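Below you'll find the structure, written out as structure tokens, and then a few comments.
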Amino acid sequence: MSAIRLLVLGAVRQHGRAHGYQVRNDLEYWGAHEWSTAKPGSIYHALRQMAKQGLLHEHEVAPSTAGGPPRTEYEITDHGVEEYLRLVREALTAYDQKMDVKSAAIGFIVDLPRAEAVGLLHERIRRIEEWRSTVTEHYVPEQGPAQLGHIGEIMNLWVHTADAEAEWTRGLIARIQGGAYTFAGEGEPFVGVLAEGQENPYATGERHPEDAR
């Protein structure tokens, strides 16, 4: 799964309607340019591709009185919402997602109903433990990595990573079940995007040809 696809869909959905520079600004505000492949070129490419795929609808906005080319704004379609929520669910349950995909999914977890989020996280733990058991068929943690030479350190890393992921997920489940955060259908949703014209303290300043649109 591509993190950029999930991030862009999520940003557009939170805005309701947004142009490319707004989406880029939001992803930089979230720090996604540091922990994912969300660079300016990939963001604009994703917007255009998902518009072709029917996940986003393009609106051409008239140029300002100051001049300049028309600006394209994007709005998520019903199909786009379905794809977005599918990606969130998939990323929450898969044990082998890369850090950028997992981070994006956690950032959007409150777009799901609370009970569903808890159920998906329980499924995540089940899959982590299932994967861990395949590792320990060949590696006995209690005997330490030396049993397999230095290659045992790889399996030792896998087991420790699985245990840490499962422990963290159990903690998140407990916090959610304890009433933390506002989930879908519970009230005003969390909005983590910048308002039009709001200064972004984390902007990179790097220009892209489409920033002028």
Rounded to the nearest 0.05, FRET efficiency between Trp168 and Leu148 (Cβ-Cβ, R0 25 Å) equals 0.40
Long-range share for region 89-159, i.e. C-alpha pairs more than 21 Å apart as a percent of all pairs, stands at 40
Over all viewing directions the Cα convex hull of region 54-193 casts an average projected area in nm² of 13.0
Here, GluC sites (Glu not before Pro) of region 113-149 satisfying both criteria (DSSP loop; at most 12 other Cβ within 10 Å) are Glu137
Taking Glu28, Glu90, Glu82 and counting other beta carbon atoms within 10 angstrom, the fewest-first order is Glu82, Glu90, Glu28
Cα-based Debye curve of region 1-99 sampled at q = 0.12 Å⁻¹ gives log₁₀ I(q)/I(0) of -0.39
Met1 and Lys52 label points (each 7 Å along its Cα→Cβ direction) are spaced in nm at 2.4
If N is the residue count of region 137-179, its Cα Rg over 2.2 N^0.38 Å rounds to 1.57
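All of the numbers you see were taken from the coordinates with simple rules; none came from a lab. Just so we're clear, the structure is a prediction, and the values are computed from it rather than from any experiment. Reconstructed Cβ throughout: ideal geometry from the backbone, glycine too, with neighbour counts over all protein chains shown.
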